[in-house]
Structures are given as C-alpha cells and as structure tokens.
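Each remark here refers to the structure printed beneath this line.
The values are calculated or read from the model by the stated rules, or taken from the named source; none is laboratory data. Predicted model, so just to flag it, every value in this text is computed and none were measured. Every residue, glycine as well, gets a Cβ built from its backbone with ideal geometry; the counts of neighbours run over all protein chains shown.
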Amino acid sequence: MEKRKNKKQIWNIILLIGITMLVLFFALKDNFDEIVHEIMHVNVWWLLVGVFLFLGSLFLRSISLCSLVKEFKPSFNMKGTFHLALVTQFFNAVTPFATGGQPFQVYYLKKKNISLTNSTNIIIQNFIVYQIALVILGTVAILSNHFFHIFKEVGVLKELVTLGFVINTFVVILLFFITFAKSVNKFVTRIVLFLLNKLKIVKDKKAAYDKWEDYINNFSKGAKALTMRKGLMFKCILLNLAGLCALYIIPLAVAYSFGYYDSFTGIEAIIASAYVMLIGSFVPIPGGTGGLEYGFVEFYGNFISGGALSAMMLLWRVITYYFGMLIGGIALNISGKKD
C-alpha cells in the first residue's frame, strides 16, 4: 500500500513538472526578452512583501485550525498548527484537487495523541469554515463584477468562473445536507450502492454501505459540533476570509515590484484572484497547474499586458505555489527526522 501511494505521488510530481514546463514554454515563447528584462529589474522588497503575505495567509488559517484543535486538546499550540499548515501545502501541491493535505492532517493530529475520531472531526470542521469563506469571497467577486463591470473581456472564462462557483457552492450545501439530513443520505446511499452493485462497480454492497455510514456519522458529528459553537464558527470563518484576502492580494505586491503602482487596486486584485481560484478549484492537475496560469493571464490582462503580465504571472506562481511546496517539503523532512 505504501509503495503504491509513493508511486502515485511520484507520477503526480512527474505530471506536475511536465505541465509546468509546458506552461513556461507558452508563457515565455512570445516575449522572452521582455519577460527576462522585467524580472531582472524587479524590486525585491516588494516581492518579499508578497512572500510575507503568503506566510501571513498560512498563519491566519493556522490560528483557525489551532482554535478548533484546542477544543479537543487545550495544550496544543500555534507552533504545531503552523508546522502542520506548511506540510499541508506540500501534500496539497502534489495531489490533484489538493486532496493529499487532509489525510495527512488527520494522521498528524493522531500522532499528537488526538483520537482518530476527534482528528477527523477537527479536519472536517476546518474544511467547512474554509469552504464557506471561499464561497463568500466568490460571491462578493461575482456580484462586484456584475455591478461594476471590472472585467470586460474574459470570453469563455465567465462560464468557467460560474461553473467553479456553482461547484464550490454545491459543496457547501452538500456539507450541510449531509449534516442535517442523515435519513435522506442513507436512502440515497442505498439506491446509489444498489445501482453500482448491479453495474459490478461495487462488489460488497454491505461493506461499502457500512464504510459510507461511518463516514457520514463522523462528518455529521463534527459539523454539528461546529454549528453548536457559533462564536467559534464565525471566528474561524473570519480568519479564513482574512487569510484568503492576504493570499488574493499578492498579485498587487508583485505588480508593485515591477513598478506598476496604478494598474489596479487591492480590491480589484482580491476580486480577480477570487475568480482565478474559482477556475483553479476544478482543474484535475496538482496545484491546478495550467488552469490557474491561464485564468491569471486572462483576468489580470485587463490591467497589465505584454511581457510584464507574463513575468507577473510567473513570480506570482513562484510565491503562491512553488515556494509553498518547497517550505512544505522542508517542514515534512524535519518532522520526518523527529519522528
């Protein structure tokens, strides 16, 4: 099992490298000299602001996670949750749809003497507040563009943004549906498993049902515990909103590093980044590679053009993705040696 998992991660990394090389080719092929000139004359101090915004985003989300963990283990501290946030960046970066982070979080918390049930509940609660924050910012972005027409030329991206928003909103609705409609869930599950069994996709119907029922019960328990503590829930949603805003405003710092101080505002950066992330959320490639770069160029192309836009996209991607993967890998290696 472990060998199969490692082999899958290796293939994910190979796929990631291949897609990254392809993205670099298309980003550099038309304005190579201009892009290199822009990067060579970048203001490093503004890039460092972008790096600190990225770390600040992780820190704010770590506070949210720490608040949830402390409900089960009061002695748990920020050092542990920030380290967990760093390592999660690595696993999210090398798995499609960022699916690798949450299983590792459960494993990490269990190693810190938090029971598997409680660890699962914590991560479920953390996912719920993050998903709600993501949808809130997506809603603000869509409404802002609808009333103020910030992006005039986005072509097919308008449909992709709508699809991303619908998917993320559906996930939130589904989370609460699973939480508060257990009898309906069981009925639907029986029908789905019956059909899958007839199609020979699921062989052991009873085992599959028992496994899904355990998952539903754990999820429902964690979600209900969160909704019963409304103060904690709203606090964590606000922390995730602040963390996402810090992440979304990084392109402004990158634009400033090139000397583009009047191209767009912080609000426009947050709205554009929210759109980009809505697109990237359903790209089935590690890190949303390809989709995020395309979305970034198309949306920020309303403010900046030419080689400066491509250079800006490359540095933004380095800060928000490759830097996170690097420090996450280092943090994983350090924790591995300790364990």
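Name the pairs: first residue in the range 42-58 and in contact (Cβ under 8 Å) with a residue 60 or more places away in the chain, second residue surrounded by fewer than 19 Cβ atoms within 10 Å (Cβ to Cβ), Cβ to Cβ under 6 Å, at least 6 apart or on different chains?
Short answer, once both residue conditions are applied: Trp46/Tyr256.
Of the residues that sit in the range 102-139 and are free of Cβ contacts under 8 Å to residues at least 60 places away in the same chain and polar (S, T, N, Q), which one is surrounded by the fewest Cβ atoms within 10 Å (Cβ to Cβ)?
Asn113
Among the numbered criteria (1) polar (S, T, N, Q); (2) crowded, with 21+ Cβ neighbours inside 10 Å; (3) at pLDDT below 95, which single criterion is violated by Asn240?
Result: Asn240 fails condition (3) only.
Return the pair list, or none, for Cβ contacts closer than 7 Å from residues in the range 222-241 that are of a type in the set (D, E, K, R) to residues that are part of a helix (DSSP H, G or I), at least 6 apart or on different chains.
Lys224/Thr179; Lys235/Ser67
Consider Gly222 against the criteria (1) at pLDDT 65 or above; (2) over 30 Å from Val297 (Cβ atoms); (3) surrounded by fewer than 16 Cβ atoms within 10 Å (Cβ to Cβ): it satisfies all of them except one. Which criterion is unmet?
Evaluating Gly222 over (1) at pLDDT 65 or above; (2) over 30 Å from Val297 (Cβ atoms); (3) surrounded by fewer than 16 Cβ atoms within 10 Å (Cβ to Cβ) leaves (3) as the failure.
Name the single residue that is surrounded by the fewest Cβ atoms within 10 Å (Cβ to Cβ) among those in the range 73-101 being closer than 16 Å to Phe323 by Cα and aromatic (Phe, Trp, Tyr).
Phe82
Against the conditions (1) more than 19 Å from Cys236 (Cβ to Cβ); (2) in a helix (DSSP H, G or I); (3) of a type outside the set (Asp, Glu), where does Asn113 fall short? Just the number, please.
So the condition that Asn113 fails would be (2).
What number goes with the only condition from (1) surrounded by fewer than 22 Cβ atoms within 10 Å (Cβ to Cβ); (2) touching a Phe, Trp or Tyr at 6+ places or on another chain (Cβ under 9 Å); (3) assigned to a helix (DSSP H, G or I) that Val42 does not pass?
(3)
Can you tell me which residue among Val161, Val129 is outside any loop (DSSP other than H, G, I, E, B), of a type in the set (Val, Ile, Thr) and either over 25 Å from Val297 (Cβ atoms) or over 22 Å from the mean Cα position of the chain (by Cα) (or both)? If you could, list the steps in order and put the result at the bottom.
Numbers: Val161 fails: either over 25 Å from Val297 (Cβ atoms) or over 22 Å from the mean Cα position of the chain (by Cα) (or both).
That would be Val129, the only listed residue that is outside any loop (DSSP other than H, G, I, E, B), of a type in the set (Val, Ile, Thr) and either over 25 Å from Val297 (Cβ atoms) or over 22 Å from the mean Cα position of the chain (by Cα) (or both).
Which condition from (1) at pLDDT below 85; (2) on the phi < 0 side of the Ramachandran plot is the one that Ala98 breaks?
(2)
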